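The values are calculated or read from the model by the stated rules, or taken from the named source; none is laboratory data. Predicted model only: the values in this text are computed from it and were never measured. Note that each Cβ is placed from the backbone with ideal geometry, even for glycine, and that neighbours are counted across all protein chains shown.
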Amino acid sequence: MIELKQVTKQYGQATVLKNITLSIEDPGIYCLLGRNGAGKTTLLKSIAGYQNITSSSIQVDGKAITTSTLDTGVSYIENFAKHFNLPVQKLLRIASEDNPNYDYDFAAEMMDRFELEGKKKFHHLSLGMKTMVSTIICLASSKNVILLDEPVLGFDALMRVEFYDMLTESFRKHPRIILVSTHIIEEIAKTIQKLILIDQGSVRFFDTLQAVETKAFCISGLQKDVEAATKDRNVIGQDAVGGLVTRYIFDNPPEETGSLEIRPLSLQEFFIQMVGHKGGSRR
C-alpha cells in the first residue's frame, strides 16, 4: 500500500508537488500520466525514498518513507547508466546478492526474450536496451512496490508490445503495486487497472479506465443547445468556432437529440482536456 498525505515538495521557491493526498491500496498496474514537468519523476523519487519531501508524509506498507529509510519495500532505478559500466550479466548478479527474493530466473528469461547480451557492458547498449535492463532488474526484485519512470523510452513499437507483455507476466507471477510513468497513452491502456493524472504538481484524476469510458464525452452543436445540455454537468473543457461549441464533460452524458453530436472521448482526448491545450477557448 502506498499512502501520501498532503505531500508537498519544493525546490527553492518552486513547488513541484502540491498538497497531494493519494492512497493506492490494491495490487495492480497503475499508470502515472502527465506532461513534461508535471511532477511525475519527483513523485516517484519521493515514494522510493530517493529524496525527502518538504512537508507531510509518505508511507509504504505502513512504513514512513524518507531518505534514511533502510528498506522501503520499493524498487526504483534512477539513471542506472550514470553509475555503472559493468557487463549486463554482472549487473543482474549484483542486484540479486542482497535480495533473497530476487527472481533471477525471471530476469534471465527476459534477457533471452529481448536478446540482451550478458557480456556486453551497460554503457555500450542502446538507449532502449539500457532502459530494458533497468526495468528487468526492477521487476525481478519482487518488491511489493515497483516504480517505473518512462520505461518505454527508446523502444520501437515492437519492443513496446513486448514490454507490456512482460509487465503483465511479471504482475501475474508476483501481484503487487506497479506504478508506471509514461507518455504513451493509448498503448498502455490495455495493461493498466487505474489511471493517475498529475498536472502542475497536483493529482487531477485517480480512477479506473472504465470511468473514463463511461463518463468522458464531448457534446457539439449550437451554443445554446450545448449549454442547455451540459447545465449542472462537470465540464472539463470547451472549444468554440463561430456559433458552434464543443464542450467536454466528465459526467453522465445528456440524452441525444437531433441538434447535438455526442461521442465518447478517447483516453488521449480526455488527457488533453484535463491538463489544458492550445487553441480554441477554455472554460
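Annotation note: of 29, 65, the sole residue that is among the aliphatic types (A, V, I, L, M) and in contact with a Phe, Trp or Tyr (Cβ under 8 Å, 6 or more places away or on another chain) is 29. Kindly indicate whether any position in the range 239-261 is outside the structural domain of residue 35 (by TED's automatic domain parsing), basic (Lys, Arg) and either more than 27 Å from the chain's Cα centre (by Cα) or assigned to a helix (DSSP H, G or I) (or both). There is no residue in the range 239-261 that is outside the structural domain of residue 35 (by TED's automatic domain parsing), basic (Lys, Arg) and either more than 27 Å from the chain's Cα centre (by Cα) or assigned to a helix (DSSP H, G or I) (or both).
Each row is one residue, and each column tells you yes or no for (1) farther than 27 Å from residue 34 by Cβ; (2) surrounded by fewer than 20 Cβ atoms within 10 Å (Cβ to Cβ).
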site: 121; (1), (2): yes, yes
site: 132; (1), (2): no, no
site: 158; (1), (2): no, yes
site: 168; (1), (2): no, yes
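Restricting the search to strands (runs of 3 or more DSSP E) fully inside the range 1-89 and requiring at least 3 residues that are aliphatic (A, V, I, L, M), outside the structural domain of residue 270 (by TED's automatic domain parsing) and more than 15 Å from the chain's Cα centre (by Cα) gives 14-24.
From the list 146, 177, 184, the one residue that fits, being touching a residue at least 12 places away in the same chain (Cβ under 8 Å), closer than 21 Å to residue 33 by Cβ and either out of contact with any strand residue (DSSP E or B) (no Cβ under 7 Å at 6 or more places or on another chain) or in the same structural domain as residue 265 (by TED's automatic domain parsing) (or both), is 184.
Note on the range 104-124: residues that are assigned to a helix (DSSP H, G or I) and of a type in the set (Gly, Ala, Ser) amount to 2. With respect to the conditions (1) crowded, with 16+ Cβ neighbours inside 10 Å; (2) of a type outside the set (S, T, N, Q); (3) assigned by TED's automatic domain parsing to the domain that holds residue 262, residue 222 lacks only one, and its number is (1).
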